[in-house]
Amino acid sequence: MRYSKSFVKTLRSAPKDETARGAQYLARAGYVHKELAGVYDYLPLGLKVLDKIKTIIREELDAIGCQEVLMSTLQNPEPWQKTDRWDIKKMDIWFKTQLAAGGELGLAPTHEEPFTNMMKTYISSYKDLPVYTYQIQTKFRNELRAKSGIMRTREFIMKDLYSFSANMEEHDRFYHKAEIAYQKIYDRLGIGNDTYQTFASGGVFAKYSHEFQTLTDVGEDTIYYNQDKSVVLNEEVLNDEVLAELGVKRSELESAKAAEVGNIFTLKTKYSEPLGLEFTNQNGERQTVVMGCYGIGVSRVMGVIAEKYADEHGLVWPEQIAPYQYYLIGIGNAGTQKAEELYNKHQDVILYDDRDLRPGNKFADAELLGIPYRIVLSDKTLAEGKAELTNRATGESKLVTIEELAF
């Protein structure tokens with residue numbers, strides 16, 4: 001990418017109602033454009049970050065036998081009526097729309113009902129199980145208060161995975177695989193060391209669900225953990241009964257702010273029973289399919305990472321999801337000529353700031369955009385046969401030969 005060819009420009013100020021630091025930087029650096037409260041456009045650099053997050057998720061889910069689909073956003077009321085979740089009094093986050101010919105459709109806030117209903121076409125025998133299907137798709141939720149930039153929005157990108165099993169034993173085996181896959185995902189996203197599998201309320205489905213919470217001061221949740229973090233609890237399940245069951249004392253726990261970056265639920269037959277998703281077992285008997293669901297807010301994860309690693313100068317992207325690995329600047333005639341040569345050879349990993357601006361302006365934008373490494377080629381450094389390489393995360397600069405740059 002040549003910066004001079006991009007329609008996106010860095011901004012001196014963020015939208016007035018954007019209060020979270022990471023959200024301000026995402027807008028100022030041109031990763032996102034705010035349409036209105038809780039609704040964002042993803043610009044070229046922001047889309048690259050999202051795509052890299054999606055790729056990591058896909059690779060880890062495909063590795064445990066999951067298959068990707070893409071479901072409709074428009075929702076048929078009938079399956080939702082059967083599970084008693086169509087009424088806005090029962091589920092108040094619906095966005096609904098009217099058909100010109102009459103009738104009402106919904107914009108999907110989640111997809112348990114349509115996935116379950118679809119599987120009635122493809123699951124009829126124990127030989128058809130298990131099935132693990134997921135999608136990465138836009139969801140709509142009529143949140144009362146959207147906040148923290150892309151961390152809580154009314155329109156967002158979500159990965160939702162659904163498992164269909166013959167019994168609880170088969171379900172539990174996959175549930176454990178999903179737990180491991182999730183931790184691998186967060187490790188690859190660069191937040192694994194600060195992300196913990198957390199006991200949370202299972203609601204009507206099970207005694208517990210599990211959330212994946214990333215430690216960050218801007219998080220909306222409070223988690224409690226013991227010294228070695230082998231037990232981590234969401235505040236909502238912190239009571240004497242749960243503590244006794246998990247074998248920890250309240251006095252052993254510390255607290256911290258955290259942001260949820262994923263969750264997994266055992267659904268049992270909550271949706272398969274009312275929707276009639278059954279199969280014939282080895283004895284010729286009809287049984288109800290056992291289900292689980294597993295979510296990751298893709299755009300939310302991007303927002304959490306932006307908030308967590310931002311500093312006083314701007315964004316700081318982990319290398320795995322940065323839109324480019326290098327921010328290239330040429331200074332002087334020889335520096336600019338060499339920068340052109342380097343960019344032409346390695347366009348896929350370089351954002352080349354070829355604008356007619358002072359070096360100081362380019363340095364400031366490099367820090368704001370958060371690209372992992374800045375390369376400066378100047379007449380002075382090239383006279384020594386070297387380039388200046390700066391690590392955005394640490395601020396460390398050093399002189400290296402062109403051959404030492406790891407493209």
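The values are calculated or read from the model by the stated rules, or taken from the named source; none is laboratory data. From a predicted model like this one, the values you see are computed outputs, not experimental measurements. We place every Cβ from the backbone using ideal geometry, glycine too, and count neighbours over all the protein chains shown.
Scan region 143-163 for residues that are over 14 Å from the mean Cα position of the chain (by Cα) and closer than 18 Å to S72 by Cα and report the count. Please lay out each step first, then the result.
Step one: of region 143-163, the residues over 14 Å from the mean Cα position of the chain (by Cα) are 143-148, 154, 162-163.
Keeping just the survivors that are closer than 18 Å to S72 by Cα gives 154, 162.
Within region 143-163, residues that are over 14 Å from the mean Cα position of the chain (by Cα) and closer than 18 Å to S72 by Cα number 2.
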Residue among E312, E341, E319, E307 that alone is under 24 Å from I53 (Cβ atoms), among the acidic types (D, E) and surrounded by fewer than 16 Cβ atoms within 10 Å (Cβ to Cβ) | E319
Just for strands (runs of 3 or more DSSP E) wholly inside region 284-399: which have at least 1 residues that are touching a His at 6+ places or on another chain (Cβ under 9 Å)?
-> 290-297, 326-331
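Residues to consider are T288, T336; find the one that is assigned by TED's automatic domain parsing to the domain that holds N167 and surrounded by fewer than 21 Cβ atoms within 10 Å (Cβ to Cβ). Outline the logic, then answer.
Details: T336 fails: assigned by TED's automatic domain parsing to the domain that holds N167.
Selected residue: T288, the only one of T288, T336 that is assigned by TED's automatic domain parsing to the domain that holds N167 and surrounded by fewer than 21 Cβ atoms within 10 Å (Cβ to Cβ).
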Of all residues in region 350-407, which are small (G, A, S), within 23 Å of V316 (Cβ to Cβ) and surrounded by fewer than 21 Cβ atoms within 10 Å (Cβ to Cβ)?
-> G360, A364, A393, G395, S397, A406
Just wondering, is there one or more residues in region 16-37 that are closer than 30 Å to G102 by Cα, acidic (D, E) and outside the structural domain of Y352 (by TED's automatic domain parsing)?
-> yes
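In this structure, is I321 closer than 30 Å to Q213 by Cα and either in contact with a helix residue (DSSP H, G or I) (Cβ under 7 Å, 6 or more places away or on another chain) or at pLDDT 95 or above (or both)?
Working: closer than 30 Å to Q213 by Cα: yes; either in contact with a helix residue (DSSP H, G or I) (Cβ under 7 Å, 6 or more places away or on another chain) or at pLDDT 95 or above (or both): yes.
For I321, the condition - closer than 30 Å to Q213 by Cα and either in contact with a helix residue (DSSP H, G or I) (Cβ under 7 Å, 6 or more places away or on another chain) or at pLDDT 95 or above (or both) - is met.
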Are there any pairs, at least 6 apart or on different chains, whose C-beta atoms fall under 8 Å, with the first in region 169-183 and within 17 Å of V131 (Cα to Cα) and the second assigned to a helix (DSSP H, G or I) and not β-branched (V, I, T), and if so, which?
-> A181/E60; A181/L61
Output the residue which, of all residues in region 125-174 that are within 18 Å of E260 (Cα to Cα) and acidic (D, E), is surrounded by the most Cβ atoms within 10 Å (Cβ to Cβ).
-> D160
Please tell me if D228 is in the same structural domain as Y42 (by TED's automatic domain parsing) and either of a type in the set (A, V, I, L, M) or under 30 Å from I123 (Cα atoms) (or both).
-> no
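Is it true that E236 is in a strand (DSSP E or B), of a type in the set (D, E) and touching a residue at least 24 places away in the same chain (Cβ under 8 Å)?
Details: in a strand (DSSP E or B): no; of a type in the set (D, E): yes; touching a residue at least 24 places away in the same chain (Cβ under 8 Å): yes.
It is false that E236 is in a strand (DSSP E or B), of a type in the set (D, E) and touching a residue at least 24 places away in the same chain (Cβ under 8 Å).
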Under 7 Å by Cβ, and 6 or more places apart or on different chains, what pairs join a residue from region 300-314 that is over 18 Å from G192 (Cβ atoms) and not assigned by TED's automatic domain parsing to the domain that holds Y40 with one that is among the aliphatic types (A, V, I, L, M) and at pLDDT below 95?
-> none
Apart from one, (1) more than 20 Å from the chain's Cα centre (by Cα); (2) under 18 Å from M302 (Cβ atoms) all hold for K120; the odd one out is (2)
Flag for A178 being in the same structural domain as T266 (by TED's automatic domain parsing) and in a helix (DSSP H, G or I) | yes
